[in-house]
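What follows is calculated from the coordinates using simple rules that are stated; it is not laboratory data. All figures in this text were calculated on a predicted structure; none of them were measured in a lab. A quick note on method: Cβ atoms are made from the backbone with ideal geometry, for glycine too, and the neighbour counts reach across all protein chains shown.
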Amino acid sequence: MFGLVHVESQNQRLITSAIGLVFLLAVMPLAGCSVIKTTYKVVKGTVKGTIWVLKGTYHLTKGTTKVVYHVGKFTFEVIRAPLSYALTHAELETIDGLPPKEAIRQGRVKNSPYVVKGRHYVPMSVAEAEQYQETGIASWYGEETRRQAGGHMTANGEVFNPRAFTAAHKYLPLPMHVQVTNLDNGRSIVVRVNDRGPFPSDHNGDSGKRIIDLSWGAAKKLGFVSKGVARVRVEAIQLEEA
């Protein structure tokens, strides 16, 4: 789930994989409040202008509990959620043939197949994600979690923050970064894809045809919170350490 990890003496070295910024946090709760910070920039002019490879290395000490990084003017904060947290999408039945939280605990999420309401979804391979670009309808979700008791976790085990710039996608590997452009007003942002969705609702089957579900914060930045949906272009991006 959190990428490729090499342990070296006292430190745990996090090597970001080709699916985006990834991080290591122990399965058991960690003590302390260590924060790792760095900055990344978007690289242009490769693979038709955009790919999603993130390059760079973190050194995570034993007490690390949070990763904070920057992509241009956008700041991302990644925190591993306790397994006691509720999933943002309770309708997830299995991931890689396991109960969702067990798959998260074992790190079997990245592009593992999963089941929602009896329907099987098969995420893209790494090679397919490298070329990803799509135009369609975006919706937003998650603001309601602020009024619910307890915390919530995404499909790859991160703490869900509705005000952060994150997104849910049915088929992209988790996690990765994409650029989302609102084609109605030209606004564009970078988001971290760390959840699954959007899925057809019981009241609106067509909702499952939307290509991405943005957090409340991302939708607000793109200017379509009040409207609810927007026509967008989603593109995988390449990042490197600045």
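With a cut-off of 12 Å between beta carbons, the residues surrounding P99 carry a summed charge of 0, where Lys and Arg count +1 and Asp and Glu -1.
Beta bridges from DSSP with both residues in region 97-242: antiparallel share about 75 percent, rounded to the nearest 5. A Förster radius of 25 Å, combined with the Cβ-Cβ distance separating S188 from V68, puts the computed FRET efficiency at roughly 0.65.
By the Kirkwood approach, averaging reciprocal distances over each pair of separate Cα atoms, region 143-211 gets a hydrodynamic radius of 13.4 Å. Note on Q148 and D96: with the Förster distance fixed at 30 Å, the Cβ-Cβ geometry gives a FRET efficiency of about 0.65.
Of the three principal axes defined by the Cα atoms of region 86-241, the extents in descending order read 42, 38, 33 Å.
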